[in-house]
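Take a look at the structure set out below.
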Amino acid sequence: MTDATIPSAPAKPSAGRRSRRRGAGRWIVLGLLILFLLLMLAPLVLAAMNAVKTAADYAARGPLALPHSFTIAGLKAFWVHANFPRKLLNSLLLSGAAAVFGTALSLFNAYAIGIGRIRGGRALLVLILLGIMIPQESLVYPLYYMAKAAGLFDSLWSVIIIFTVLQSAFGTYLLSAVMQEFPHELLEAARVDGATRWQILRLIVLPILRPTLAVLATFFFIWTWNEFLLPLVLLASNDTQTISVAMGVLSGQYVSDPTTTAAASLLGIAPTILFFLIFQRTLTKGVIVGAVK
Amino acid sequence: MPGLIGFLLVVAVPFAMNIGISFTRWRGIGEPRYVGLANYTRLLADTAFWTSLENTLFFVVAMAVVPTVISLVLASTLFDYVANTFGQGLSSFFRAGFYLPQILPVSAAGILWGWILNPHGVLNLILGGLGMVGLQGNWLGDPGLAIYALMAVMVWLQIGYSLVVFMSGLARVDPSLYEAAELDGAGSVQRFWYITIPMLRPEIFVVGLTTTIAALKVFAPVYVLTNGGPNFSTMVPSYYSYYQFFSTVRVGYGAAIATAQTAITVVLGLIFLWAQSRDEEEDME
C-alpha cells in the first residue's frame with residue numbers, strides 16, 4: 001500500500017534520458033514497427049482465419065473478412081486425407097532420434113578431438129567444416145542409391161542415420177570450440193586421481209556442457225523437422241513421409257479449394273509454432289550459439 | 001570411433017561417388033559408362049544452367065543483402081530506441097514476432113504463399129477488392145514476375161535470422177555508449193552509422209557467410225512454388241540437379257551440376273572465411 005502512494009516519484013536513474021523521448025515521435029516509431037510486424041505475420045493470421053471458414057463464406061466475403069461461419073471441415077479433410085497423425089508421428093520420431101543421437105555423437109566426437117586429443121584433430125575439424133558446407137545435392141543420389149542397396153529405402157532409419165551424422169558435423173564443430181575454453185586444471189586433477197576417460201566425460205564434462213547440449217538438441221530437432229530434400233527423395237510412400245515432405249507433395253493442388261489449402265498450411269505450420277512457443281528462449285539463444293562459429 | 005565411420009558413410013563416400021558419377025553417362029540402373037569431361041563441357045554450353053546461376057544471384061540479394069539491411073535497421077531501432085523508451089519486454093516481443101517465419105518448415109510456408117500468390121489467390125483478391133485490378137498479376141506463373149515473387153518470400157523467411165543474430169551482438173554493446181553519443185549530439189542516424197554498424201561487423205560477416213551459402217542451396221521454395229518454371233525462369237542449381245536426377249534420369253549430368261554447385265559453394269565459403277580472418281587481423285593491428 002505504501003508503495004502505491006509514491007509511484008509518481010521519478011525514481012529511475014535513466015529518467016532524464018527517457019523524458020526527452022516523450023514526444024509524439026515514439027508513437028510513430030512504435031506504430032511503424034507494429035505495422036511491419038502485422039505485415040510479417042499477416043500470412044499466418046490469414047491462414048488461421050480462413051482455415052475455419054466454409055467455402056461459401058470465403059467465396060462471398062473474401063479472405064480478409066473475419067469468419068462469419070465456423071467449420072473444421074477443411075482441417076478434418078486434410079487431417080484424414082493426408083493421414084496427418086501418421087506424418088506427425090514420423091516427423092516426431094525422425095526429429096527426436098536425430099536430436100538425441102546427433103547430440104550424443106557430437107559430444108563423443110568433440111571429446112575425442114578436443115580433450116581426448118587424438119592425432120590430426122585440427123585436420124578433422126577442417127574436414128567437418130567442409131562437411132557442413134557441402135550442398136546436400138551432391139550427396140543425394142549416392143545416398144538414394146546406397147539406401148536402396150542396403151534395403152533402407154523408404155525407411156525412417158535411413159534418414160535418422162543420415163541426419164544424425166549431418167547434424168553432428170555442426171555439433172562437433174561447435175562443441176570442440178566450447179571445449180577449448182574448458183578449465184584444464186579440473187580435468188588434469190581428475191586424471192591424477194585416476195579417473196578414466198569415460199568417467200571424466202560422464203562426471204565432469206557432461207554436467208558442465210548440459211545447457212549447451214540442450215540448446216544443440218533443440219536446434220537439431222527443429223532443423224531436422226524442417227529438412228526437405230533428403231526426406232523427399234528417401235521417403236517415398238505415404239506411411240513414411242514427414243510433415244515437411246507431405247506439404248511439398250501437396251503443392252500444385254492449391255488452386256482447387258482455398259479453404260482446405262489454408263487448413264493444410266495451418267496444420268503444416270502449427271507444430272513448429274507450438275515448438276516456437278515452448279522453446280522461444282532457447283531458439284533465439286541457439287542462433288547466438290550458432291553465430292559464434 | 002563411430003563418428004568417423006558415420007562421416008565416411010554419409011558424407012565422404014557419397015561425395016566421392018557423386019564426383020565419380022559426374023564423369024559417366026548413367027540412367028541409374030546398369031553399368032555407368034565413362035564419358036570423361038563430356039558432362040562438364042555440356043554444362044558450360046547449357047543456358048538453363050547459366051540461368052540457374054544467375055537466379056542464385058537473385059537469391060543472394062533476397063536472402064543475404066536485403067534481410068541484412070532491414071534487420072540492421074530493425075535491430076538498432078529495437079535496441080537503441082524501443083528497449084529504452086518502452087522497455088526491454090516489448091523489444092523482445094518484437095524480436096520473437098519477426099523471428100517466427102524463420103522456424104516454419106519451408107515447404108509449409110510454400111503452401112501458404114502458393115495460396116496467397118496463385119492467380120485466384122489472396123493477394124489478387126485483395127488487390128481486386130481495393131479496385132486495383134491493374135496491379136493484379138500471375139505472380140508465380142509469369143516468367144517476368146516469378147523470380148521476384150520468390151525473392152519476396154525469401155526475404156520474409158530470412159529477416160528473423162539476421163535480426164536475432166544482430167540483437168545478440170548488440171547485447172554486448174554498452175548502452176552508455178549510445179547515451180554518451182546522444183549527449184554529444186549524435187542523431188539516431190549517426191548512432192546507427194558510427195556505433196551500430198562498426199560494432200556488428202563480426203555478426204554481419206557471419207550472417208553474410210551463412211545466408212550466402214544458404215542462397216546457393218535454395219531448393220524447397222522453388223520445388224513447392226514454381227518447379228523452376230515458368231520456362232526455367234526460376235531455375236536454381238539445386239532444383240536443376242534434382243530435376244536431372246529424378247525427372248529426366250540423366251544421373252551423370254545431374255551429378256556434374258551438383259559437383260559444380262558444390263565447388264562454387266566451397267570456394268565462396270573459403271573466400272568469406274579468408275576475408276573474415278584478414279579483417280580480424282587488421283583489427284588487431
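The values are calculated or read from the model by the stated rules, or taken from the named source; none is laboratory data. This structure is a prediction, so every number in the text was calculated from the model and none was measured. Cβ atoms come from the backbone with ideal geometry, glycine included; neighbour counts cover every protein chain shown.
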- Query: Which one is nearest to B:G228 (Cα to Cα) among residues in segment B:3-32 that are at pLDDT below 90 and exposed (fewer than 15 other Cβ atoms within 10 Å of the Cβ)?
  - Reply: B:I29
- Item | helices (runs of 4 or more DSSP H) contained entirely in segment A:91-200, each with at least 2 residues that are facing another protein chain (nearest Cβ under 10 Å) and under 26 Å from B:Y240 (Cα atoms) | A:121-133, A:137-149, A:156-180
- Here the residues within segment B:81-136 that are hydroxyl-bearing (S, T, Y), surrounded by 19 or more Cβ atoms within 10 Å (Cβ to Cβ) and more than 7 Å from every other protein chain (Cβ to nearest Cβ) are B:S91
- What number goes with the only condition from (1) buried (at least 19 other Cβ atoms within 10 Å of the Cβ); (2) in a loop (DSSP other than H, G, I, E, B) that B:P221 does not pass? (2)
- Residues satisfying the stated conditions in segment A:37-70, i.e. over 24 Å from the mean Cα position of the chain (by Cα) and in a helix (DSSP H, G or I): A:M49, A:N50, A:A51, A:A55, A:A56, A:D57, A:Y58, A:A59, A:A60, A:R61
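If you check B:A12, B:A16, which single one turns out to be within 11 Å of chain A (Cβ to nearest Cβ), farther than 27 Å from B:M154 by Cβ and touching a Leu at 6+ places or on another chain (Cβ under 9 Å)?
Details: B:A16 fails: touching a Leu at 6+ places or on another chain (Cβ under 9 Å).
Of B:A12, B:A16, the one residue that is within 11 Å of chain A (Cβ to nearest Cβ), farther than 27 Å from B:M154 by Cβ and touching a Leu at 6+ places or on another chain (Cβ under 9 Å) is B:A12.
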- Message: Here are the criteria: (1) surrounded by fewer than 19 Cβ atoms within 10 Å (Cβ to Cβ); (2) more than 10 Å from every other protein chain (Cβ to nearest Cβ); (3) of a type in the set (S, T, N, Q). Tell me which single one B:T196 does not satisfy.
- Response: (1)
- Query: What are the pairs, 6+ residues apart or on separate chains, where a residue within segment B:165-184 that is within 10 Å of chain A (Cβ to nearest Cβ) has its Cβ under 7 Å from a residue that is among the hydroxyl-bearing types (S, T, Y) and buried (at least 16 other Cβ atoms within 10 Å of the Cβ)?
  - Reply: B:F166/B:S71
- Item | Filter result for the condition that a residue is without any contact (Cβ under 8 Å) to a residue 60 or more places away in the chain, in a loop (DSSP other than H, G, I, E, B) and either among the small types (G, A, S) or in contact with a Pro (Cβ under 9 Å, 6 or more places away or on another chain) (or both), over B:N227, B:N231, B:N138 | B:N138
- Message: Can you find a residue that is more than 9 Å from chain A (Cβ to nearest Cβ), farther than 23 Å from B:I147 by Cβ and modelled with pLDDT of 90 or more anywhere in segment B:260-281?
- Response: yes
- Going through segment B:199-209 in order, the residues found to be within 12 Å of chain A (Cβ to nearest Cβ) and not β-branched (V, I, T) are B:L200, B:P202, B:E203, B:F205, B:G208, B:L209
- Query: Which residue, of B:V61, B:V65, B:V69, is touching a residue at least 60 places away in the same chain (Cβ under 8 Å), assigned to a helix (DSSP H, G or I) and more than 13 Å from chain A (Cβ to nearest Cβ)?
  - Reply: B:V61
- Message: Between a residue in segment A:37-64 that is touching a residue at least 40 places away in the same chain (Cβ under 8 Å) and any residue that is surrounded by fewer than 17 Cβ atoms within 10 Å (Cβ to Cβ) and acidic (D, E), which pairs come within a Cβ distance under 9 Å, given they are 6 or more apart or on different chains?
- Response: A:A55/A:D257
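Specify which of the listed residues (B:V189, B:V173) is among the β-branched types (V, I, T) and in a helix (DSSP H, G or I). Write out each step before concluding.
Numbers: B:V173 fails: in a helix (DSSP H, G or I).
Residue meeting the stated conditions: B:V189.
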- In segment B:106-135, how many residues are touching a Leu at 6+ places or on another chain (Cβ under 7 Å) and either polar (S, T, N, Q) or outside any helix (DSSP H, G or I) (or both)? 1
